[in-house]
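Shown next, in structure tokens, is the structure this report addresses.
The values are calculated or read from the model by the stated rules, or taken from the named source; none is laboratory data. All figures in this text were calculated on a predicted structure; none of them were measured in a lab. Because the Cβ atoms are built from the backbone with ideal geometry, glycine has one as well, and the counts that use them run over all protein chains shown. The protein model used for the area step is the full one, side chains on, heavy atoms only, and it has no ligands, DNA or RNA in it. Shrake-Rupley method; radii C 1.70, N 1.55, O 1.52, S 1.80 Å.
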Amino acid sequence: MISNGYRQARWLEPTVFELSRSGAVGVDFPELDPELEKSLKNAFKEIPEDLKRNDLGLPELSELEVVRHFTRLSQMNYGVNSGMYPLGSCTMKYNPAISEELVDDERITYIHPLQPLETIQGCLEIMWRLEQILKEITGMARFSFQPAAGAHGEFLGCLIIRAYHRDKGMLHKNVMIVPDSAHGTNPASAAMAGYEVRVVKSDKDGCVDIEMLEKIVDENVAGIMLTNPNTLGVFEKNIDKIVDIIHGVDGLLYYDGANLNALLGKVRPADMGFDIVHLNLHKTFSTPHGGGGPGSGPVGVVEKLVDYLPPPLVEYDEKEDIFYLDYNRPKSVGKIKMFYGNFSVLVKAYVYLLRIGGEGLVKVAETSVLASNYLLHKIRKLKGITLPYAPESPRKHEFVVSLSKLYKETGISAKDVAKRLLDYGYHAPTIYFPTIVEEAFMIEPTESESKKEIDNFYNVLSKIIEEAYEDPEKIKTAPHNTSVGRVDEFRASHPKTMIPSWRIYKTRERV
Amino acid sequence: MIHPYIGLTEEEVKLMLQEMGLDSIDKLFEDIPSRYFLKKSSKYSKPLSEWEVRTHIKNILSKNRVLFYGRLFIGGGVWPHVVPSIVRELLKRGEFYSSYTPYQPEVSQGVLQALFEYQSLMAELLDVEVVNASMYDWGTALGEAFRMAKRVTGRNKILYPHYISPERLEIAETYTEPSKIKLEEYAQNINDGRIDIGDLEEKIGEDVAAVYVEYPSYLGFIPLNIKKAGEIAHDHGALFIIGVDPTILGIFQSPGKLGADIVVGEGQPLGLPMNFGGPLLGIMGCRMDIKLIHQLPGRLIGMTSTIKGERAFTMILQAREQHIKREKATSNICTNQALCAIATAIYLSLLGKNGFKKLGEQILARTKYMMEQLSRIDGVEAPLFKTIHFKEFTYRVKGKNSSKVILEMMEKGIMAGICVGKWFKELGESILTCTTEVHSKEDIDHYVKSLREVLEK
Ligand SMILES: Cc1ncc(COP(=O)(O)O)c(C=O)c1O
């Protein structure tokens, strides 16, 4: 197959500001009843002049113009529904349509979070049931659904670690260990929670360097934030030693659940010795990523940390057969989000879990790991591509190869190859992450793809590698088949040319 | 196992293993010490078919109770509003919802331009130059704004108003506590909600990073001397942060003109359903001042060009963010609320400047009308603050416990509001109620009539 004839839509779509037609309306409101009109007049009289607004610069469009505009924009966007999206660390699996349909039910959309308890039993029951399943999958004792994303969960996790140590009188604990292969949110979350970040290097197998860990762990260490399998896709085989070292100084282990897909139904974070975990429902549990959210990053903890979770938790009173919200949590770290989290995202994850079932989860883990190793098996033979770290060890749901040999031999970088992949109707893998791999290419096919699609992705990649050696210009100028050509990132962020809003565009235009 | 969500067939699995020279998938898991494996696989349920799941969810949801649209009068952080049909219709386009953060701008112009438009439309509303691509909600945006103020000014104290949302305050406390920011309250006049200028002047000093005001306040009134608070902040080298429910901005002065350096707020009223409290949309913006922008958390989308000079959009100033700066980043935020921001972009494009002003009038008219009607009931004091209100206001029922009133209204099929006396003791048995464009005049009349009946009981 190779070329699927991909041509992304190329609308020269103006912004809504340029589409504006004076007097056009996209929405109408009921005419005000005379009595309401009278009240409005009364209200207006009370507003002092300097608190009145007279300058609203919103554009004016008809309903159809708005529909067309955003439809065209959507056509200039690539999603899992468009094609394979092997973006490593992001688990871009299929997002079931049924979830989208069910959350449009008015018994979700038109429910206010502060309604009386007896009117929200359905919502609470969904949260409660979802929690039971997540507990089973992870081995944790309780979950909080407040975090709106993975990073938000990490922040909460770090706050819990801090609260625990304070509670135990260990006020000196101010250091968080983070591997050099960790996602950027890990150190950022630890710092936000007040920790000094101490970096542990990866060893030749891409795992936490145990010798170094032993050296840098002291009484001040509060914990470690770990992804397992790590961002290289390698299982941290010395996890038992890491657990001993960290627990040995009364530290806690935080599990970044972004990579749980590979272990679903097989290995549980709690059984590996982790104390806290966040899950990315918008990755592992198939809720759509939405072009950058809304996600959900529930945090689960072992029994001894339950008291520190934010209020409220959903409880079930068996005798009365009623679900309720428990706000009485005196040791809690405090709220980190309005109300109870991104509820409709929770519903989607619950729907997915029911559809796939307990047995299905095992299959998800197995097929995602098979797909990734199969693709790696083929790709690693390509010229210019190497597999750094533990070449003999299987990868899990994702793998990271280096294109640095290709770069040295042809001048074609990981970014260039990524751009050329777009031309063939594929989304690019994650590039330049983890930073410990030069010219990193991080690939995660997920369990959603067929062998045919994976094979074709491989064929395309191998063709691009050939091009790199024979006709590198074509790659350097890629992409050609997308809505726009290669974007000038430098100009975009330069203080003199940066345009973060239409307002700034207008002032720059004037200059 | 054959499942609609799994791409590989049994046959393909065999072929792939063969090609790799393996006899089973288990070989790929052999690097994991065997003691970690679950003896039994997770058995919470067998896979259910689409129909079975639909039935299950619909049955659970039937335990929720939705009242007639016009019977829900609760606000306090999430509000009932009209969401035009095409907002959801457009969000359901798979090219939008099934995409990731736009790391490859060339195939993601749709999301990028939509987010740029969200930033730009919101910038118009707020009257500032820069708005980020979203935060999780108003509460977390507030926490981040306080942290940002500390980074910008190098000072440690934040002054916040007495009538602040207790929930937002709690979130802000959680967010700021680790960086040793001190939050201190300043007073507001109990009769008209004005900021107590004397108290503010007494508390402000060289150690104050920012003064925060809510606009309207959590209790729905407009603090009429809001501008003065900003002047005081600026006189002392502090930043002025305004937290806003944006639906007021068709009628009331913009945060920009009121002197805000940083603006935060909740975007849910602009195109998002209540959804039992989430997803929401955290608004966060600031003036075009490099000192501020470099400390602004979150994603920013910019307009630029391709190498060849065509217009294009991409993420900008990423050097502030966690994936580059790691522990030195302005924030840890990565995934945000992008699709919610797109919903708001669609919503604002639909309303336009006239529609948005009309929305404000619809809400203002109902708020005033409802307060006028309630105040005519013997024994009802409405509103408690003698000033301008928008969308929400508090009232008190003489000699009657507020939770009891709410309960008895519920028996009549009306969700009357929430008790706020426990947060603001001086207000006693008071109820915060909310009215928006979803309520007809008859709905409000029905509320008033029902309250009268409750009192006569
Ligand atoms: C390994 C890892 N950890 C954490 C995160 C952060 O998750 P989120 O983007 O939901 O905040 C991500 C994804 O971005 C990730 O890949």
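Residues considered: B:Gly94, B:Gly76. Of these, the only one that is out of contact with any helix residue (DSSP H, G or I) (no Cβ under 7 Å at 6 or more places or on another chain), assigned by TED's automatic domain parsing to the domain that holds B:Thr436 and away from the ligand (no atom under 16 Å from the Cβ) is B:Gly76.
Of all residues being open to solvent by less than 10 Å² (accessible area, probe 1.4 Å) and either within 8 Å of the ligand (Cβ to nearest atom) or under 11 Å from the mean Cα position of the chain (by Cα) (or both) in the stretch A:289-302, which is nearest to A:Ile137 (Cα to Cα)? Just the residue, please. Walk me through it before giving the result.
Going through the stretch A:289-302, the residues open to solvent by less than 10 Å² (accessible area, probe 1.4 Å) turn out to be A:289-293, A:295-301.
Filter again for either within 8 Å of the ligand (Cβ to nearest atom) or under 11 Å from the mean Cα position of the chain (by Cα) (or both), leaving A:289-293, A:295-297.
Working: A:His289: 22, A:Gly290: 25, A:Gly291: 27, A:Gly292: 26, A:Gly293: 24, A:Gly295: 19, A:Ser296: 17, A:Gly297: 15 Å.
Looking at the filtered set, the residue picked out is A:Gly297.
Applying the set (1) over 30 Å from B:Leu48 (Cβ atoms); (2) open to solvent by less than 10 Å² (accessible area, probe 1.4 Å) to A:Leu353 leaves exactly one unmet item: (1).
Here are some residues: B:Ser108, B:Ser134. Which one is within 16 Å of the ligand (Cβ to nearest atom) and touching a Ser or Thr at 6+ places or on another chain (Cβ under 7 Å)?
B:Ser108
If I filter the stretch A:161-181 for residues that are within 17 Å of B:Ser179 (Cα to Cα) and within 16 Å of the ligand (Cβ to nearest atom), do I get at least one hit? Checking the stretch A:161-181: at least one residue is within 17 Å of B:Ser179 (Cα to Cα) and within 16 Å of the ligand (Cβ to nearest atom).
Of the residues B:Arg287, B:Arg299, which single one is within 9 Å of chain A (Cβ to nearest Cβ) and either crowded, with 24+ Cβ neighbours inside 10 Å or among the charged types (D, E, K, R) (or both)? I'd like the intermediate steps shown before the answer.
Details: B:Arg287 fails: within 9 Å of chain A (Cβ to nearest Cβ).
Testing whether each residue is within 9 Å of chain A (Cβ to nearest Cβ) and either crowded, with 24+ Cβ neighbours inside 10 Å or among the charged types (D, E, K, R) (or both) leaves just B:Arg299.
It is to be established whether one or more residues within the stretch A:258-270 are within 16 Å of the ligand (Cβ to nearest atom), of a type outside the set (Val, Ile, Thr), modelled with pLDDT under 95 and within 21 Å of A:Gly153 (Cβ to Cβ). For the stretch A:258-270, residues within 16 Å of the ligand (Cβ to nearest atom), of a type outside the set (Val, Ile, Thr), modelled with pLDDT under 95 and within 21 Å of A:Gly153 (Cβ to Cβ): present. Among the residues of the stretch B:307-336, write down those that are free of Cβ contacts under 8 Å to residues at least 40 places away in the same chain and either part of a loop (DSSP other than H, G, I, E, B) or away from the ligand (no atom under 16 Å from the Cβ) (or both). Within the stretch B:307-336, B:Ile307, B:Lys308, B:Gly309, B:Glu310, B:Arg311, B:Ile316, B:Leu317, B:Ala319, B:Glu321, B:Lys328, B:Ala329, B:Asn332 qualify. One residue alone among A:Leu325, A:Leu305, A:Leu281 is over 30 Å from B:Ile301 (Cβ atoms), within 27 Å of the chain's Cα centre (by Cα) and in the same structural domain as A:Thr109 (by TED's automatic domain parsing), and that residue is A:Leu305. The set of residues in the stretch A:467-511 that are among the hydroxyl-bearing types (Ser, Thr, Tyr) and in a loop (DSSP other than H, G, I, E, B) comprises A:Thr477, A:Thr482, A:Ser483, A:Thr497, A:Ser501. Within the stretch B:245-275, the set of residues being among the hydrophobic types (A, V, I, L, M, F, W, C) and open to solvent by less than 10 Å² (accessible area, probe 1.4 Å) comprises B:Ile248, B:Leu249, B:Ile251, B:Phe252, B:Leu258, B:Ala260, B:Ile262, B:Val263, B:Val264, B:Leu270, B:Met274. The residue that is surrounded by the fewest Cβ atoms within 10 Å (Cβ to Cβ), among those in the stretch B:28-41 that are of a type in the set (D, E, K, R) and more than 7 Å from chain A (Cβ to nearest Cβ), is B:Lys39. Residues that are away from chain B (no Cβ under 13 Å) and open to solvent by 10 Å² or more (accessible area, probe 1.4 Å) within the stretch A:450-469 comprise A:Asn459, A:Ser462, A:Lys463, A:Glu466, A:Glu467, A:Tyr469, listed in sequence order. Take the residues in the stretch B:186-211 that are within 14 Å of chain A (Cβ to nearest Cβ) and in a loop (DSSP other than H, G, I, E, B), then tell me which one is surrounded by the fewest Cβ atoms within 10 Å (Cβ to Cβ). Ranking the candidates gives B:Asp192 first.
Out of A:Ile443, A:Ile499, report the one residue that is crowded, with 21+ Cβ neighbours inside 10 Å, at negative phi, in contact (Cβ under 8 Å) with a residue 24 or more places away in the chain and of a type in the set (A, V, I, L, M). Result of the check over A:Ile443, A:Ile499: A:Ile443. Taken over the stretch A:226-257, the criterion of being away from the ligand (no atom under 16 Å from the Cβ) and aliphatic (A, V, I, L, M) is satisfied by A:Ile239, A:Ile242, A:Val243, A:Ile245, A:Ile246, A:Val249, A:Leu252. Within the set B:Glu310, B:Glu327, the sole residue that is more than 30 Å from A:Thr482 (Cβ to Cβ), at the interface with chain A (Cβ under 7 Å from one of its Cβ atoms) and open to solvent by 20 Å² or more (accessible area, probe 1.4 Å) turns out to be B:Glu327. In the set (1) part of a loop (DSSP other than H, G, I, E, B); (2) more than 8 Å from every other protein chain (Cβ to nearest Cβ); (3) under 43 Å from the mean Cα position of the chain (by Cα); (4) of a type in the set (A, V, I, L, M, F, W, C), the condition left unmet by B:Trp51 is number (1). The test for being within 13 Å of chain A (Cβ to nearest Cβ) and touching a residue at least 40 places away in the same chain (Cβ under 8 Å) does not hold for B:Arg155.
Any chance you could count how many residues in the stretch A:366-384 are out of contact with any Lys or Arg (no Cβ under 7 Å at 6 or more places or on another chain) and away from every other protein chain (no Cβ under 13 Å)? Break it down stepwise before answering.
Narrowing the stretch A:366-384 to residues out of contact with any Lys or Arg (no Cβ under 7 Å at 6 or more places or on another chain): A:366-368, A:370-371, A:374-375, A:377-383.
Checking which are away from every other protein chain (no Cβ under 13 Å) leaves us with A:382-383.
So the answer is 2.
In the condition set (1) open to solvent by 20 Å² or more (accessible area, probe 1.4 Å); (2) assigned to a helix (DSSP H, G or I); (3) of a type in the set (A, V, I, L, M, F, W, C), B:Leu183 is compliant with all but (2).
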